[in-house]
Amino acid sequence: MTESDARPVWTATVLSLFPEMFPGPLGHSLAGRALAEGVWALESVDIRAFARDKHRSVDDTPFGGGAGMVMRPDVVDAAIRASHRGGPLIYLTPRGRLLDQERVKRLAAEGRATLLCGRFEGVDQRVLDAHDAEEISLGDFVLSGGEPAALMLMDAVVRLLPGVVGKEESLTEESFEWGLLEYPHYTRPQLWEGRAVPEVLLSGHHEKIRAWRACQAEQVTRQRRPDLWDRYVAANKAKEG
């Protein structure tokens, strides 16, 4: 048995009305190579295949009135029961808990996940409650459906899997790993359109470079994400106290 044979394969099962949207961009670059090499696996399931009438209806008008349509609980339930084989069942929705890097890391360690992609006005709440679905949001904005959000979540997870990213140390220096946004990066040419690379990065002095990067990460977090900065400060105070 080779090392790749022994390594557990992280598996994503995606329930969607548009399964042809997968793997989409995840079929390319590092994620695509890892998929071809069996580092992770993807199963896309057509929810419409579980419709029970000749019109393959998957939605109906909402009780209580209102615009739009709602995905039927009986159809979604049948798709979940046929496809969910362990791991968390995640429903991508703007009303969910905001996805963060800590949850992504736990998902990567959990081995598999089933992602439910809603359309129209969403999914009947009863089926979400019946299956104890975890509702996750990617931000305070609305998409046409859960598919783009599912692709983003999978990309975030897959790149953490062993062997996907060439230099694993690069993962430890990214935004959110230490509770801060990432410091700025520079490469050749050294002088571009009158803009120079900061001198400290050319010094070869590793301690000074680390200190500069830490200072930059703190500065950009404080300016752009005061919510993250407050949490970072509070966490450091808790460690000291």
In debye, nearest 20, what is the charge dipole magnitude of the chain about its Cα centre with +1 on Lys and Arg Cβ and -1 on Asp and Glu Cβ, if you could check?
220 debye
Relative contact order of the stretch 129-241, pairs being alpha-carbon contacts under 8 Å that are 6 or more residues apart, as %
21 percent
Could you please put Phe120, Phe63 in sequence from largest to smallest accessible area, using a 1.4 Å probe?
Phe63, Phe120
Stokes-Einstein translational diffusion, the stretch 78-167 - Kirkwood Rh over all Cα pairs, 0.692 mPa s, 37 °C, in µm²/s:
239 µm²/s
Among rounded, prolate and oblate, which fits the stretch 105-153 when a ≥ b ≥ c are the square roots of the eigenvalues of its C-alpha gyration tensor, a/c under 1.5 means rounded, and a/b larger than b/c means prolate?
oblate
The stretch 199-241 residues near the modelled Trp178 label - backbone nitrogen below 15 Å, point 7 Å along Cα→Cβ:
206-222, 229, 232-233, 235-237
Would you mind telling me the antiparallel percentage of the DSSP bridges in the chain, rounded to 5?
15 percent
Sort out for me the Cα centre separation of the stretch 3-56 from the stretch 201-231, rounded to whole Å.
38 Å
Along Cα→Cβ, 7 Å out, is where each label goes; now give me the distance between the ones at Glu207 and Leu191 in nm to one decimal.
3.2 nm
With N residues in the chain, Rg(alpha-carbon) / (2.2 N^0.38 Å) equals 1.24
Relative contact order for the stretch 99-151 using alpha-carbon pairs under 8 Å, separation at least 6, rounded to a whole percent?
53 percent
Quick tally, 1.4 Å probe accessible area for Val200, Val58, sorted with the most first, runs Val200, Val58
Rank Tyr186, Tyr232 by accessible area, highest first, at a 1.4 Å probe radius?
Tyr186, Tyr232
Rg/Rg_ref, the stretch 1-125, where Rg_ref = 2.2 N^0.38 Å and atoms are Cα
1.20
Checked the stretch 66-105 with the C-alpha gyration tensor, a ≥ b ≥ c its square-rooted eigenvalues, rounded below a/c of 1.5, otherwise prolate if a/b is larger than b/c and oblate if not; verdict oblate
How high is the FRET efficiency between Val142 and Ser29 when r is their beta carbon distance and R₀ equals 22 Å, given to the nearest 0.05?
0.20
So if each residue of separation counts as 0.36 nm, and I subtract the Cα-Cα distance between Val200 and Arg85, what length gain in nm does that give?
36.2 nm
Considering only Gly38, Gly66, Gly87, give the residue with the highest GNM mean-square fluctuation for the chain, with springs between Cα atoms whenever their separation is below 10 Å.
Gly66
Which Cα, out of Ala238, Met152, Leu201, lies furthest along the positive dipole direction of the stretch 135-241 (beta carbon charges, K/R +1, D/E -1)?
Leu201
Let's see if you can work this out: charge +1 on each Lys and Arg Cβ, -1 on each Asp and Glu Cβ, no other charges. What is the dipole magnitude of the stretch 149-241 about its Cα centre, in debye to the nearest 20?
160 debye
Test of understanding: in a Gaussian network model of the chain with alpha carbons linked when under 10 Å, which of Ala51, Ala108, Ala67 would top the mean-square fluctuation ranking?
Ala67
Can you list the aspartates and glutamates whose alpha carbon is less than 18 Å from that of Lys208, not counting same-chain residues fewer than 8 positions off?
Glu173, Glu182, Glu199, Glu218
Against the empirical 2.2 N^0.38 Å scaling, what ratio does the C-alpha Rg of the stretch 14-69 come to?
1.63
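The values are calculated or read from the model by the stated rules, or taken from the named source; none is laboratory data. All values reported here derive from a predicted model rather than from experimental measurement. Note that we place each Cβ from the backbone using ideal geometry, even for glycine, and neighbour counts take in every protein chain shown. Surface areas here come from the heavy atoms of the whole protein model, side chains and all, with no ligands, DNA or RNA. Shrake-Rupley method; radii C 1.70, N 1.55, O 1.52, S 1.80 Å.
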